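Asker: Below you will find the structure I want to go over with you.
Laboratory data are not the source of any read-out in this text; all were calculated from the coordinates shown. The structure displayed is predicted, hence computed values, not measured ones. Reconstructed Cβ throughout: ideal geometry from the backbone, glycine too, with neighbour counts over all protein chains shown.
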Amino acid sequence: MKKGLLVILSGPSGVGKGTVRKYIMSNFKLDLSYSISMTTRAKRDKEVDGVDYYFVSKEEFQRNIDEDNFLEWEEFVGNRYGTPKDKVEELRNQGKHILLEIEINGAQEVLRKINDDRVISFFLMPPSLDALEARIRRRKTESEDIIQERLQKGVKEMGMTEQYDHIIINDDIARASQEIVDLIKLKIKKGR
Ligand code: 5GP
């Protein structure tokens, strides 16, 4: 059986990766599963444990590192985030497609580790820096220090696009999602 596609959706914090991912998952029938990450970050009000993330203590996260349970993990503005590897491998081996929504360093790590031709990577780019800042602020979930840190990181990350298959401008969620879905469908077709 052909391995399922591994879809990597990356880009700076606040660019709208989560919104685009949710839009794709609920508006298109792609038979795509979302890989739920583990994090030490505190849960935001609207987030649900086991749906948005597995929220764990620093100790539990460290235990998972020690047991080699992550495909990749990264520290991002004071918190740790990681992709549990079991599910990704299991689903891909069953021929199912899976989507990772992760930051830039983690995406590079995955691209280094998995270099089969069943990977497709997207860098989601804000239409402007002002738009990125406005999005982070609109979320109203971070303190000013963290907003500044995320923004500075975002500026650097916007220059780290060369490893990606596609750069998508998130000027409009429906349009950007459609562009991503069309490229995923093309890749699925090619692999048959
Ligand atoms: P947030 O705190 O805004 O939910 O996430 C911060 C950043 O970490 C975002 O860019 C998000 O995409 C990324 N992220 C979420 N899960 C993972 C993961 O498992 N691995 C890595 N490397 N980054 C992640």
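Asker: Among E133, E101, E90, whose mean-square fluctuation peaks in a Gaussian network model of the chain (Cα, cutoff 10 Å)?
Answerer: Of E133, E101, E90, the most mobile in the Gaussian network model is E90.
Asker: On to the next question. Can you give me the P(r) profile for the stretch 92-192? Cα pairs, bins 10 angstrom wide beginning at 0, each as a whole percent.
Answerer: Histogram of Cα-Cα distances, whole percents per bin: 12, 40, 33, 13, 2.
Asker: Follow-up question, since we're still on this one. Springs between alpha-carbon atoms under 10 Å, Gaussian network over the chain: tell me which of K113, K46, K58 tops the mean-square fluctuations.
Answerer: K46
Asker: Assign unit charges at the C-beta atoms only (+1 for Lys and Arg, -1 for Asp and Glu), then state the dipole size of the stretch 74-192 relative to its Cα centre in Debye, rounded to the nearest 20.
Answerer: Roughly 560 debye, rounded to the nearest 20.
Asker: Here is a follow-up. If neighbour count is taken as other Cβ atoms inside 10 Å, put D68, D52 in order from fewest to most.
Answerer: The order, fewest Cβ neighbours first, is D68, D52.
Asker: Given all pairs of different Cα atoms, what value in angstroms does the Kirkwood hydrodynamic radius of the stretch 57-134 take?
Answerer: For the stretch 57-134, the Kirkwood estimate is 14.4 Å.
Asker: Picking from Y54, M38, V181, whose Cα lies most toward the positive end of the charge dipole for the chain (charges on Cβ: Lys, Arg +1; Asp, Glu -1)?
Answerer: Among Y54, M38, V181, the one farthest towards the positive end of the dipole of the chain is V181.
Asker: Can you say what percent of the DSSP beta bridges in the stretch 1-133, counting only those with both residues inside, are antiparallel? Round to 5.
Answerer: For the stretch 1-133, the DSSP antiparallel bridge percentage is about 35.
Asker: Largest first and to the nearest Å, give the Cα extent of the stretch 13-75 along each principal axis.
Answerer: 38, 26, 20
Asker: To make sure I understand the rule: partners must be lysines, Cα under 24 Å from the Cα of K96, and not fewer than 8 residues away in the same chain. Which ones qualify?
Answerer: Within the straight-line cut-off, K96 pairs with K2, K3, K17, K22, K29, K85, K87, K113, K185, K187, K189, K190.
Asker: At 7 Å along the Cα-to-beta-carbon direction for both D182 and E47, put a label point, then send me their distance in nm to one decimal.
Answerer: Spacing of the two 7 Å Cα→Cβ label points: 3.4 nm.
Asker: In whole Å, what is the distance between the alpha-carbon centres of the stretch 1-44 and the stretch 124-178?
Answerer: 16
Asker: What number, rounded to the nearest 500 deg cm²/dmol, is the helix-based mean residue ellipticity at 222 nm of the chain, given -39500 (n - 2.57) per DSSP H run of at least four residues and division by all its residues?
Answerer: Per the formula, -13500 deg cm²/dmol.
Asker: Please report the orientation-averaged projected area of the chain, defined via the convex hull of its C-alpha atoms, in nm².
Answerer: For the chain, the mean projected area of the Cα convex hull comes to 10.6 nm².
Asker: Something else about it: Springs between alpha-carbon pairs under 10 angstrom, Gaussian network model over the chain: which of E74, E162, E103 fluctuates most?
Answerer: Highest fluctuation of the listed residues: E162.
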